[in-house]
Amino acid sequence: MAGWHLAAEYQSLAAEFGSLQAVFALEGEEITRDPMSSVIRIERQGVRYYVKRYHSAGKGLRCYLPRPRIKTEWQNLQHFSTWGIPIPEVVAFGLERRRGAFVRGALITRELIGTENLWMLDHLGDARLRDPAWIDGVSRQLASATRRMHANRFAHNDLKWRNLLVDQQGRLFFIDCPNGGFWCWPFLGYRIVKDLACLDKVARRVLSRSQRLRFYLQYQGRRRLQASDRKHIRKILAFFEGRE
């Protein structure tokens, strides 16, 4: 049994994007590959697309899970869009099962032109990371999006700089969230700390203390720290101690 959805505005590409069989036959520039999945980039009619294909759900009984990673990934992008968090445009998605077991699945997104992930900006020593006004603009967007995500009891679980894109206008986009999910207390609190600690892991090396504190206040929607904030910040700073 296979389920596949192609967005209405891309029906002109149905010959290549209209079924799992066609999508798994596509060839393009390989971007990443691991034992479970691969990502290629292709160009059609002057537009570039990223095609993520899963050919395994993992070891053991994971193939019988109701939400394999690829399904979680496209559903999480849909959640982000519902919450007003900018994401790449989702073009097509779906998966195939055989006798209840996952066989394969795919997700196609449209390229965000002129974007780069924040980790790469740091790696390249991009001058924007030394511009306080640019940093503040991105910080406010990230704080707002993260707050909305957590307010919906959702944790990203891999909220790293490499999963955040920014374009030439300084607009921020969320990508790649196959590990995110909904949590209830007290588990949500731990996951929130993890998300914020993942962001701060690079920020503590790249940004000033005042910029990092300003982001936290923007995230909390406050102008000054409260007593509970200080305890929360200590947990964030200590999260990766002894783990690396």
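The values are calculated or read from the model by the stated rules, or taken from the named source; none is laboratory data. This structure is a prediction, so every number in the text was calculated from the model and none was measured. So basically every Cβ, Gly included, is an ideal-geometry build from the backbone, and we count neighbours across all protein chains shown.
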Complete set of residues in segment 174-204 that are among the aliphatic types (A, V, I, L, M) and part of a helix (DSSP H, G or I) | Leu188, Ile192, Val193, Leu196, Ala197, Leu199, Val202, Ala203
Considering residues that are aliphatic (A, V, I, L, M) and under 25 Å from Arg99 (Cα atoms), the number found within segment 1-55 is 8
Which of the residues belonging to segment 172-200 are closer than 30 Å to Val51 by Cα, more than 13 Å from the chain's Cα centre (by Cα) and loosely packed, with under 15 Cβ neighbours inside 10 Å?
-> Phe182
Name every residue in segment 1-35 that is aliphatic (A, V, I, L, M) and in contact with a Phe, Trp or Tyr (Cβ under 6 Å, 6 or more places away or on another chain), in order of residue number.
-> Leu6, Leu20
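Can you tell me which residue in segment 8-39 is surrounded by the fewest Cβ atoms within 10 Å (Cβ to Cβ), limited to those that are in a loop (DSSP other than H, G, I, E, B) and among the hydrophobic types (A, V, I, L, M, F, W, C)?
Keep residues of segment 8-39 that are in a loop (DSSP other than H, G, I, E, B), which gives 18-19, 25-28, 34-36.
Next cut, among the hydrophobic types (A, V, I, L, M, F, W, C) only: 25-26, 36.
Details: Ala25: 9, Leu26: 16, Met36: 17.
Taking the candidates together, the pick is Ala25.
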Among the residues of segment 104-140, how many are free of Cβ contacts under 8 Å to residues at least 40 places away in the same chain and touching a strand residue (DSSP E or B) at 6+ places or on another chain (Cβ under 7 Å)?
-> 1
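Please enumerate the residues belonging to segment 209-229 that are surrounded by 10 or more Cβ atoms within 10 Å (Cβ to Cβ) and of a type outside the set (A, V, I, L, M, F, W, C). Let's see the steps before the verdict.
At the first step, the residues of segment 209-229 found to be surrounded by 10 or more Cβ atoms within 10 Å (Cβ to Cβ) are 211-220, 222, 225-226, 229.
Matches in segment 209-229: Gln211, Arg212, Arg214, Tyr216, Gln218, Tyr219, Gln220, Arg222, Gln226, Asp229.
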Would you tally the residues in segment 40-55 being of a type outside the set (Val, Ile, Thr) and crowded, with 17+ Cβ neighbours inside 10 Å?
-> 5
Residues in segment 86-102: is at least one touching a Pro at 6+ places or on another chain (Cβ under 9 Å), free of Cβ contacts under 8 Å to residues at least 60 places away in the same chain and not assigned by TED's automatic domain parsing to the domain that holds Arg162?
-> yes
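Working only within segment 205-244, note down all residues that are of a type in the set (Lys, Arg) and either under 18 Å from Leu142 (Cα atoms) or in a helix (DSSP H, G or I) (or both). Step through it out loud before you land on a result.
Narrowing segment 205-244 to residues of a type in the set (Lys, Arg): 205, 209, 212, 214, 222-224, 230-231, 234-235, 243.
Matches in segment 205-244: Arg205, Arg209, Arg212, Arg214, Arg222, Arg223, Arg230, Lys231, Arg234, Lys235.
Which ones in segment 149-164 are closer than 17 Å to Ser81 by Cα and surrounded by 15 or more Cβ atoms within 10 Å (Cβ to Cβ)? Steps first, answer last, please.
Kept after step one, since they are closer than 17 Å to Ser81 by Cα, are these residues of segment 149-164: 149-156, 159, 163-164.
Scanning segment 149-164 gives Met149, His150, Arg153, Phe154, Ala155, His156, Leu159, Asn163, Leu164.
Would you say Arg140 is in the same structural domain as Gly189 (by TED's automatic domain parsing) and on the phi > 0 side of the Ramachandran plot? Working first, answer last.
Values: in the same structural domain as Gly189 (by TED's automatic domain parsing): yes; on the phi > 0 side of the Ramachandran plot: no.
Criteria not met by Arg140.
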